[in-house]
Structure formats: structure tokens, C-alpha cells
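The values are calculated or read from the model by the stated rules, or taken from the named source; none is laboratory data. What you see is a predicted model; the values in this text were computed from it and never measured. Note that we place each Cβ from the backbone using ideal geometry, even for glycine, and neighbour counts take in every protein chain shown. Side chains are part of the model used for accessible areas, which takes the heavy atoms of the whole protein and leaves out ligands, DNA and RNA. Shrake-Rupley method; radii C 1.70, N 1.55, O 1.52, S 1.80 Å.
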Amino acid sequence: MEMNFDLLISGCNTRCKHCYVNGGPGKYIPLEDALRCISRLDELASALPASPVPSFTMDNEPFNHPDIVEIIRAATSTKHIQLYHHGMTTGIALMRRKDKESVVKAYMDCGCMDFGITLHGSPEHHDEIVRREGAFQASVASAEYAKSLGAKVSISLMFNRFFPEDAAAIDQVIRQVGPDFIYFAVPCYTPHRNMREFEPYRASLQDLYAISDRLESWEQDKTELLNNAERHTPAAVAKRFEQGLTVKELFVREQNDLYLTVHQDCRLYMGNSGVETACLGDLRYLDIGYAAQVISNASANRDYGAFYAVDRLPTQEEITAAMKRLPPDIAFSDTASVIYRTLAEMDVPTRILSL
């Protein structure tokens with residue numbers, strides 16, 4: 001089973017409406033605690049099944065941490081757990097640093113060559129969705145800066161209803177930055193308390209069709225992207241329900257991803273940031289043998305039954321009826337997102353901790 005620990009290093013400079021890792025301002029973990037948690041994660045990983053190698057990610061915005069150079073060096077020196085460096089940044093924290101060149105080079109010296117930004121459209125719409133004035137400018141500036149130092153740079157296009165009118169602005173950023181990779185993300189929906197704030201911005205299939213002629217220039221497989229989006233509208237999933245797909249079989253489907261989170265207070269939780277379902281205790285003092293046993297016996301928690309008590313779900317017919325009340329052609333990334341959005345509309349309680 002794939003296993004990833006999300007180590008929350010410091011708060012984020014934005015509060016993106018679609019964020020599923022509870023971004024936003026927050027304290028940073030003290031250096032001593034950060035180094036201690038990395039060491040303890042390495043120790044914990046040594047007590048877990050050796051294959052596949054567990055990984056950990058440093059979030060939310062590591063560039064906000066004053067001691068990030070020392071932390072990244074420690075994170076890339078572990079023996080039993082591997083750093084997964086997704087490299088995404090808002091750009092704000094990096095561009096504010098007086099030592100930004102040494103920070104970027106420290107990452108690269110440690111083998112972390114990839115840096116990326118997320119783009120939500122024009123400057124106006126980008127700043128509106130991330131809820132931070134000047135965020136667009138900082139994102140583009142950070143991408144250009146990292147690239148000037150020899151880093152690989154990616155742009156993640158976060159699809160929303162503004163894309164048809166903002167396509168020219170997106171093209172301009174792509175020409176300006178010259179990214180090594182371009183990703184296109186149809187935002188998922190998970191049962192976080194803040195995710196419904198993005199729904200007024202969610203795009204429809206018609207919005208996707210309106211920009212379909214640009215997808216190839218944005219380095220996307222047009223056919224695959226359109227087919228996936230068409231398969232994951234509320235109308236399409238409801239039709240699959242009527243053709244025999246059941247909620248029950250989805251909720252008992254075997255999974256292969258286990259997510260855990262370490263907060264800035266060093267507490268270790270089951271679940272990704274924002275969908276924590278149980279607390280194992282303070283990682284600094286936690287009994288490693290106990291934690292390894294609990295984690296080894298845990299079920300995967302990427303989708304479905306990890307977040308809901310299956311015996312408390314509405315009936316198949318009730319869920320299908322509620323799904324049909326959603327706008328039929330809004331675009332989601334997967335079937336799980338459609339179901340979560342439907343259950344949220346029905347106010348079905350989750351197992352997620354209230355932190």
C-alpha cells in the first residue's frame with residue numbers, strides 16, 4: 001500500500017477556495033520540532049513494511065519558514081522514508097525572502113529541481129479565487145525566478161468557469177514563463193468543511209468545450225480530458241447508478257493509498273490535511289512500535305468509506321435523486337467527487353475530526 005505523511009511546515013499565504021489541504025495563514029513549526037518530526041518519521045518508516053517506501057511531503061508553504069534551508073537538508077537525508085517534493089508554491093513567500101536565491105539553490109542542491117505554480121486565470125480572477133491581492137503577480141514572478149536559476153518549472157491550470165474568457169491571459173503567462181510542464185486540473189470535491197466555497201466557480205462541460213481548441217497548445221490530451229470530464233458530471237454518474245452501479249460497491253472498493261498528516265503542533269493524524277479521522281498522538285513522544293502497528297493495520301483512506309459510516313448513508317435511491325438535483329453538467333475530476341458533493345448537499349455527517 002502506498003503511504004504518504006503530510007508534514008505541515010508553515011501556513012500558506014493564500015486561502016484558495018478549492019483548497020483541500022486547509023491552506024491559509026498559520027504558524028510555522030519550530031525548527032527543533034521540524035527536525036525532530038523528520039527524524040521520528042524516518043524511525044517510524046523503518047518499522048513499517050519496507051515496500052513500497054513510505055514518502056512524506058512538506059506543506060503548506062515551506063518558503064514561509066525562516067529555517068527552510070536546514071529543514072530541506074534534513075528532509076532529503078532520511079534513510080527509510082523518501083521526501084516527495086511536489087514543488088508547488090504561491091510565490092508570495094519566496095519572492096518576499098531576501099535569501100530567495102540561496103533557498104532555491106538549497107532545494108536544487110538537495111535534488112529538488114521542480115517548482116510549480118497554480119494558475120486560476122486572469123490576474124483579477126486568480127486573486128479572487130485564492131483570496132489574496134497580488135497573488136497572480138507573485139506566482140508568475142516566482143516561476144520566472146526559479147527558471148532563471150535553472151529549476152524545472154510547471155504550471156498547473158486549475159479549471160474554473162472563468163477559463164473561456166481568461167484563455168488569452170493564460171496563453172500570455174505560458175508564453176512568458178515557458179514552463180517545462182503544464183498540468184490541467186478539474187478540481188476534485190472532498191468532504192472538507194471549506195470546499196463548498198469553490199462551487200460557484202466550478203466550470204461546466206460547456207466551459208470545457210469552449211476552450212477545447214486550446215487544450216493541445218496547453219499540452220493536454222484533448223480526447224482523454226473531454227472523455228474523463230463527460231464521465232464525471234452529476235448527470236453521467238446518476239445514469240451509471242441507474243444502469244447498475246451502486247454506492248455500496250464503491251464504498252467497499254479496495255484502495256491502495258494511505259494518507260497521514262503531522263500538524264505544526266507535531267500531532268500525527270490519520271487522513272490528509274483537512275480530512276483527519278483519528279489522532280495517534282504527539283509524534284515527538286509517540287511509541288513508535290504502537291504507531292507502526294496501528295498504521296500497518298489501517299485501511300487505505302483515499303476515497304469513500306474512509307470519510308463516512310457506510311451504515312449511516314442514505315439509500316441508493318435517495319442519493320441518486322439528490323444527485324439529479326445538482327446542475328447536471330458541472331465538471332468533476334472523478335466519481336468520488338460527485339458522490340461527496342451529493343452527500344454534502346444532503347448534510348450527511350462524516351467521520352472527519354473537527355479540529
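The one condition from (1) over 22 Å from Tyr189 (Cα atoms); (2) at pLDDT below 95; (3) acidic (Asp, Glu) that Asp287 does not meet is (2). Within the range 342-355, can you find the residues that are surrounded by 18 or more Cβ atoms within 10 Å (Cβ to Cβ), of a type in the set (Ser, Thr, Tyr) and closer than 27 Å to Leu268 by Cβ? Listed by number, the list holds a single entry, Thr350. Checking Ala93 against (1) under 18 Å from Ile9 (Cα atoms); (2) surrounded by fewer than 20 Cβ atoms within 10 Å (Cβ to Cβ); (3) under 20 Å from the mean Cα position of the chain (by Cα), only one condition comes out false. Which one? That leaves (2) as the condition not met. Summed over the range 118-154, residues that are outside any helix (DSSP H, G or I), touching a strand residue (DSSP E or B) at 6+ places or on another chain (Cβ under 6 Å) and small (Gly, Ala, Ser) total 2. When we screen Phe163, Phe136 for residues that are at pLDDT 95 or above, more than 24 Å from Lys100 (Cα to Cα) and not acidic (Asp, Glu), the only hit is Phe163. What pairs come out if I take residues in the range 3-23 that are under 23 Å from Asp257 (Cβ atoms) and touching a residue at least 24 places away in the same chain (Cβ under 8 Å) and pair them with residues that are in a strand (DSSP E or B) and of a type in the set (Gly, Ala, Ser) whose C-beta lies under 7 Å away, six or more apart or interchain? As it stands, the answer is Asn4/Ser55, since those pairs meet every condition given. Screening the range 222-278 for residues that are touching a Lys or Arg at 6+ places or on another chain (Cβ under 6 Å) and not in a helix (DSSP H, G or I) and picking the one that is surrounded by the most Cβ atoms within 10 Å (Cβ to Cβ) gives Cys266. The set of residues in the range 20-42 being in a loop (DSSP other than H, G, I, E, B), buried (at least 23 other Cβ atoms within 10 Å of the Cβ) and not aliphatic (A, V, I, L, M) consists of Asn22, Gly23.
Here Met108 clears all of (1) more than 23 Å from Tyr259 (Cβ to Cβ); (2) open to solvent by 10 Å² or more (accessible area, probe 1.4 Å); (3) part of a strand (DSSP E or B); (4) of a type in the set (A, V, I, L, M) except the condition numbered (3). Determine, yes or no, whether Ser77 is among the polar types (S, T, N, Q), at pLDDT 95 or above and part of a helix (DSSP H, G or I). Considered against the rule, which asks whether it is among the polar types (S, T, N, Q), at pLDDT 95 or above and part of a helix (DSSP H, G or I), Ser77 comes out as no.
Do we have any residue at all in the range 233-251 that's closer than 30 Å to Ile174 by Cα and either polar (S, T, N, Q) or modelled with pLDDT of 95 or more (or both)? Yes, that holds for at least one residue. Exactly one residue out of His126, His80 is in contact with a helix residue (DSSP H, G or I) (Cβ under 7 Å, 6 or more places away or on another chain) and either surrounded by fewer than 20 Cβ atoms within 10 Å (Cβ to Cβ) or without any contact (Cβ under 8 Å) to a residue 12 or more places away in the chain (or both): that is His80.
Ser148 - would you say it is of a type outside the set (Asp, Glu), over 30 Å from Met95 (Cα atoms) and without any contact (Cβ under 8 Å) to a residue 24 or more places away in the chain? Criteria not met by Ser148.
Across the range 286-341, the number of residues qualifying as open to solvent by 40 Å² or more (accessible area, probe 1.4 Å), within 25 Å of Leu44 (Cα to Cα) and touching a helix residue (DSSP H, G or I) at 6+ places or on another chain (Cβ under 9 Å) comes to 2. Just one of the listed residues (Ala50, Ala45) is open to solvent by less than 10 Å² (accessible area, probe 1.4 Å), more than 22 Å from Met108 (Cβ to Cβ) and without any contact (Cβ under 8 Å) to a residue 40 or more places away in the chain, namely Ala45. Among the conditions (1) out of contact with any Leu (no Cβ under 6 Å at 6 or more places or on another chain); (2) assigned to a strand (DSSP E or B); (3) not aromatic (Phe, Trp, Tyr), the only one that Leu157 does not satisfy is (1). Taking the range 158-204 as the range and being of a type in the set (A, V, I, L, M, F, W, C) and open to solvent by 20 Å² or more (accessible area, probe 1.4 Å) as the test, the residues that pass are Met158, Ala168, Ala169, Ile174, Phe181, Phe184, Ala185, Val186, Cys188.
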